[in-house]
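Trainee: Take this structure, written in C-alpha cells, and hold onto it; I'll ask about it next.
The values are calculated or read from the model by the stated rules, or taken from the named source; none is laboratory data. Keep in mind that what you see is a predicted model, and the values were worked out from it rather than measured. Don't worry about glycine lacking a Cβ; one is built from the backbone with ideal geometry, like all the others, and counts go over all protein chains shown.
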Ligand SMILES: Cc1cc2nc3c(=O)[nH]c(=O)nc-3n(C[C@H](O)[C@H](O)[C@H](O)COP(=O)(O)OP(=O)(O)OC[C@H]3O[C@@H](n4cnc5c(N)ncnc54)[C@H](O)[C@@H]3O)c2cc1C
C-alpha cells in the first residue's frame, strides 16, 4: 500500500501495553488526609515483577455505577470498551511488590475531582480493579556523586521508594511541594539526605514552589536529577536545567505525571 492510497492510514500504531490483570483491593490505609495506600492482590499477579524504583502501573478503574471490571480491548492505539467508550485508566507507582502473597501497594493522592481520586477515596476491601504493567522505572547510577530529587504529591510514592534504594552515603537533596501542610509524610531516614517541604502558595499554579526550589538548588558536578510532577511545572524545570545550567541531559529524568486541568493525562518523559 502506498501513501497515495486512500486506504493508507498514516497513524502510527503503538505497542500494545502488557495485558490487564484482575486484582482486588485487600487493604486500605490512610497515609495522610491527602494520600491513601491501597493494597491490590490476586492470583493474576503471578509473574508481576518490578525491577526498578519509580516504575509505573496502569490502573483500570471500573465504572462507579457497577464497580465491575470489564477488560477493554487494544485497538492499536488505545484501550476501548466494545461500545467505543474510553475506560478510566490512570498511572500509579507500584510499591512493595510481594511475589509470595501476589500483592502490591499503590498510594493515591486524594486531590478532589478525578476518577482515580474518587475511586481511591471510596475504596474498600473487596473492590475490583485491574492493572497493566509495569512501565519502566529509574535506573540508579551507583557511582553518581549526588542526587537531587523533586516532586509534588503525586511523586511522593516514587520519591519514598527512591530513598529506599539510592546508594547509602551519597549526598541526596529532596524537594517536595504539597498543596496543604498535612500532606507531608514520613520518608525513609538516611544519612547525608535532606528533605525540604514546600507549601504551594494559595492560588498559585501547581508546581510554583517546586520550580522555585529546583531552580535555586546548587548542583555539584555530576549530580543526577530526578523530578516528577505537574507537566507544565516540570517543563519549566526542564528548560531551566537544559538552558541555564550545564547539567547533561543524560543526568536528568524529568517526568510529567499529570496535567493541570486535564483528566487522565499520561507521562511525558525526558
Ligand atoms: C509514571 C507515573 C507515576 C505516577 N504515580 C502516581 C502515584 O503513585 N500516586 C498518585 O497519586 N499519582 C501518580 N501519578 C499521577 C496520576 O496518574 C495522575 O495524577 C492522574 O491524573 C490522577 O487521576 P485522577 O483520575 O485522580 O484525576 P484526572 O481525572 O486525571 O484529573 C482530574 C482533574 O484533577 C487534576 N489532577 C490530576 N492529578 C492531580 C494531582 N495529583 N493533584 C492535583 N490535581 C490533579 C487534573 O489536572 C484534572 O483537572 C503518576 C503518574 C505517572 C505518569
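Trainee: Just one of 187, 166 is touching a residue at least 24 places away in the same chain (Cβ under 8 Å), under 19 Å from the mean Cα position of the chain (by Cα), within 16 Å of the ligand (Cβ to nearest atom) and more than 19 Å from residue 257 (Cα to Cα); which is it? Spell out the reasoning first.
Mentor: Numbers: 166 fails: within 16 Å of the ligand (Cβ to nearest atom).
Selected residue: 187, the only one of 187, 166 that is touching a residue at least 24 places away in the same chain (Cβ under 8 Å), under 19 Å from the mean Cα position of the chain (by Cα), within 16 Å of the ligand (Cβ to nearest atom) and more than 19 Å from residue 257 (Cα to Cα).
Trainee: Criterion first (at pLDDT below 95 and assigned to a loop (DSSP other than H, G, I, E, B)) does residue 54 satisfy it?
Mentor: Numbers: at pLDDT below 95: no; assigned to a loop (DSSP other than H, G, I, E, B): yes.
In short, no.
Trainee: Got at least one residue in the range 15-23 being surrounded by fewer than 20 Cβ atoms within 10 Å (Cβ to Cβ), more than 16 Å from the ligand (Cβ to nearest atom), in a strand (DSSP E or B) and touching a residue at least 12 places away in the same chain (Cβ under 8 Å)? Walk me through how you get there before you give the answer.
Mentor: Residues of the range 15-23 that are surrounded by fewer than 20 Cβ atoms within 10 Å (Cβ to Cβ), as a first pass: 15-19, 22.
So of that shortlist, the ones also more than 16 Å from the ligand (Cβ to nearest atom) come out as 15-16, 19, 22.
After this cut, where a residue has to be in a strand (DSSP E or B) as well, the list is 22.
With touching a residue at least 12 places away in the same chain (Cβ under 8 Å) added as a condition, the list becomes 22.
Yes, that holds for at least one residue.
Trainee: While we're looking at this one, here's another question. If I ask for residues that are out of contact with any strand residue (DSSP E or B) (no Cβ under 8 Å at 6 or more places or on another chain) and near the ligand (Cβ under 7 Å from one of its atoms), which ones from the range 93-113 would you list?
Mentor: Within the range 93-113, the first condition is being out of contact with any strand residue (DSSP E or B) (no Cβ under 8 Å at 6 or more places or on another chain), and the residues that meet it are 99-100, 111-113.
Within the range 93-113, 111, 112, 113 qualify.
Trainee: Quick check: anything in the range 208-225 modelled with pLDDT of 95 or more, within 16 Å of the ligand (Cβ to nearest atom), part of a strand (DSSP E or B) and farther than 18 Å from residue 95 by Cα?
Mentor: No, every residue in the range 208-225 fails to be modelled with pLDDT of 95 or more, within 16 Å of the ligand (Cβ to nearest atom), part of a strand (DSSP E or B) and farther than 18 Å from residue 95 by Cα.
Trainee: So for the range 251-261 (the condition being within 14 Å of the ligand (Cβ to nearest atom) and over 25 Å from residue 88 (Cβ atoms)), does at least one residue qualify? Quick ask: steps written out before the conclusion?
Mentor: So in the range 251-261, the residues within 14 Å of the ligand (Cβ to nearest atom) come out as 253-261.
The next check asks that each one be over 25 Å from residue 88 (Cβ atoms); those that pass are 253-254.
Scanning the range 251-261 turns up at least one residue that is within 14 Å of the ligand (Cβ to nearest atom) and over 25 Å from residue 88 (Cβ atoms).
Trainee: So which of 199, 243 ends up being within 22 Å of residue 36 (Cβ to Cβ) and surrounded by fewer than 17 Cβ atoms within 10 Å (Cβ to Cβ)? First the steps, then the outcome.
Mentor: Values: 243 fails: within 22 Å of residue 36 (Cβ to Cβ).
Among 199, 243, only 199 is within 22 Å of residue 36 (Cβ to Cβ) and surrounded by fewer than 17 Cβ atoms within 10 Å (Cβ to Cβ).
Trainee: Could you list, in sequence order, the residues of the range 80-92 that are part of a loop (DSSP other than H, G, I, E, B) and away from the ligand (no atom under 16 Å from the Cβ)?
Mentor: 81, 82, 83, 84
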